[in-house]
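One structure below.
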Amino acid sequence: MKYDVIVVGAGAAGMMAAGTAAGRGLKVCLVEKNSICGKKIRITGKGRCNLTNNCDVRTFISSVPTNGRFLYGAASRFSPRDTMDFFERLGLPLKTERGNRVFPQSDRAADVAEKLVGYVQSSGVEVKNGNVCGLLTKDGSVYGVKLSGGGEIHAKSVILCCGGASYPVTGSDGSGYRLAAEAGHTVEKIRPSLVPLVEDGNDCRGMMGLSLKNISIKAADNKTGRTVYTDFGELLFTHFGLSGPVILSASSHMVNMSPGRYSVFIDLKPALNEEKLDARLLRDFEKYKNRDFINSLQDLLPHKIIPVAVKRSGVSAGTKCNSVPRGVRRDFVKLLKSFEIKIKSFRPVEEAIVTSGGVSVREIDPKTMESKLVNGLYFAGEMIDADGYTGGFNLQIAFCTGRLAGNSVKS
């Protein structure tokens, strides 16, 4: 055979797998359908690339709600610290920001991609531009891939790193799931994860563009009455609903989504308990005692949220603030401490940061990333049914599974 290993997909997992295998002295072919490698990496983190999280392995596993335990072997062999050391050895200075998020000091995602491209090239990987449309298998083993247009590439092993179904413009279009299914693998239902939320209503549209920092949220399942997620940080109101870091993380806990099933409760003033917030509101009412209710809240709330809050309070906007009864004022305080947005749905999977679902972990050996069904076939990255919170955890999944697959392919 011409190659020892074919790696399909030159994203984070694919370049890590290819460079690792080539570093072992194997002859590696990396097949990428885009004209450039690392196309999705170059736009991650709003162009800054949160490439891992500066945490220990246990914290990493706990931050992967979908099949985190499956990744224990991969993460133990290539931890977040190992990822940081890897990039710094490649000459990419890093920095750690809030939430232990790790970024390049340059704040340029393209620098992360280019360091991986350089790693691949210096390891001796042969990069081919082409679209893999099928696997070549015989007697329960893989021996290569088929290309669109009729070509074939042969190798002893194949590592599929085709990404998920989010951001199809980058090549992450779900085509890898078809390859896995044709090889006999179970593909768990695909759904968006780390995705904005569509409001079941119209209040968010009126607050579009408003970014709230240092708020806390609670995501609740209205069907079971359970709180499924809590967080503190930043969110954004959009024309369709909610986005921002705390919302993206909350979305990964909203299973079996349906209109009205979930609500997000925002504490607009988490630093103040109800008693202190009531005292603050009372001082503002005294300060603006001759003003209408709607015109007395500018010191307390952002401008765009005031009309919605007043409407929800049931108090007429033109009521003089010194005429608002004590009980109504207390109810308004509760409203500000638990500002509800009912959720209708997720935004489309194409807008998700990552895809939840994918190749069943029951059919992959966690010690090697090799298929339990087809000899010589390996998986890495977002194709696998494992996804984490926002904060660098999903790229760490790609790096550690790519590393393990590259180290496990047979020579």
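For the structure I just gave you, tell me whether Val359 is crowded, with 18+ Cβ neighbours inside 10 Å and in contact with a His (Cβ under 7 Å, 6 or more places away or on another chain). Break it down stepwise before answering.
Details: crowded, with 18+ Cβ neighbours inside 10 Å: yes; in contact with a His (Cβ under 7 Å, 6 or more places away or on another chain): yes.
For Val359, the condition - crowded, with 18+ Cβ neighbours inside 10 Å and in contact with a His (Cβ under 7 Å, 6 or more places away or on another chain) - is met.
When the residues of segment 279-306 are narrowed to those that are assigned to a helix (DSSP H, G or I) and of a type in the set (Lys, Arg), which ends up surrounded by the most Cβ atoms within 10 Å (Cβ to Cβ)? Write out each step before concluding.
The first filter runs over segment 279-306 and keeps only residues assigned to a helix (DSSP H, G or I), leaving 279-287, 293-295, 303-306.
Checking which are of a type in the set (Lys, Arg) leaves us with 280, 283, 287, 304.
Numbers: Arg280: 15, Arg283: 12, Lys287: 11, Lys304: 13.
My answer is Arg280.
For (1) surrounded by fewer than 20 Cβ atoms within 10 Å (Cβ to Cβ); (2) over 23 Å from the mean Cα position of the chain (by Cα), each residue gets a yes or a no:
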site	(1), (2)
Gly47	yes, no
Phe60	no, no
Lys95	yes, no
Gln121	yes, yes
Asn131	yes, yes
Leu136	yes, yes
Asp139	yes, yes
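Out of contact with any helix residue (DSSP H, G or I) (no Cβ under 7 Å at 6 or more places or on another chain), in contact (Cβ under 8 Å) with a residue 12 or more places away in the chain and buried (at least 21 other Cβ atoms within 10 Å of the Cβ): is that true of Val145 in this structure? Steps first, answer last, please.
Working: out of contact with any helix residue (DSSP H, G or I) (no Cβ under 7 Å at 6 or more places or on another chain): yes; in contact (Cβ under 8 Å) with a residue 12 or more places away in the chain: yes; buried (at least 21 other Cβ atoms within 10 Å of the Cβ): yes.
Yes.
Residue by residue through segment 9-37, note down the ones that are outside any loop (DSSP other than H, G, I, E, B) and among the hydroxyl-bearing types (Ser, Thr, Tyr). Give the steps one after another, and end with the answer.
Looking only at segment 9-37, we keep the residues that are outside any loop (DSSP other than H, G, I, E, B), and these are 12-23, 28-32.
Result: Thr20, single match.
Take segment 364-376 and flag every residue that is surrounded by 24 or more Cβ atoms within 10 Å (Cβ to Cβ) and part of a loop (DSSP other than H, G, I, E, B).
Result: Met369, single match.
Name the single residue, out of those in segment 219-252 being in contact (Cβ under 8 Å) with a residue 60 or more places away in the chain and outside any loop (DSSP other than H, G, I, E, B), that is surrounded by the most Cβ atoms within 10 Å (Cβ to Cβ).
Ser251
Okay, residues lined up against (1) under 20 Å from Met207 (Cβ atoms); (2) modelled with pLDDT under 95; (3) in a helix (DSSP H, G or I):
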site: Ile341; (1), (2), (3): yes, no, no
site: Ser345; (1), (2), (3): yes, no, no
site: Arg362; (1), (2), (3): no, no, yes
site: Tyr378; (1), (2), (3): no, no, no
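Where the second residue is surrounded by fewer than 20 Cβ atoms within 10 Å (Cβ to Cβ) and part of a helix (DSSP H, G or I) and the first is among the β-branched types (Val, Ile, Thr) and lies in segment 179-208, which pairs have Cβ atoms under 8 Å and are six or more apart or on separate chains?
Short answer, once both residue conditions are applied: Thr186/Arg362; Thr186/Glu363; Val187/Ala181; Val195/Glu351.
If you check Asp365, Asp331, which single one turns out to be closer than 30 Å to Asp385 by Cα and free of Cβ contacts under 8 Å to residues at least 60 places away in the same chain?
Details: Asp331 fails: closer than 30 Å to Asp385 by Cα.
Exactly one of Asp365, Asp331 is closer than 30 Å to Asp385 by Cα and free of Cβ contacts under 8 Å to residues at least 60 places away in the same chain, namely Asp365.
Here is a check on your reading of the model: is Gly163 surrounded by 24 or more Cβ atoms within 10 Å (Cβ to Cβ) and not assigned by TED's automatic domain parsing to the domain that holds Asn222?
Values: surrounded by 24 or more Cβ atoms within 10 Å (Cβ to Cβ): yes; not assigned by TED's automatic domain parsing to the domain that holds Asn222: yes.
So Gly163 passes the test.
Just wondering, is there one or more residues in segment 219-230 that are among the hydroxyl-bearing types (Ser, Thr, Tyr) and touching a Lys or Arg at 6+ places or on another chain (Cβ under 6 Å)?
The answer is yes; a qualifying residue exists.
The values are calculated or read from the model by the stated rules, or taken from the named source; none is laboratory data. Bear in mind that the values here come from a model prediction, so they are computed numbers and not experimental data. Neighbour counts are summed over all protein chains in view; Cβ atoms, including those assigned to glycine, are modelled from backbone coordinates with ideal geometry.
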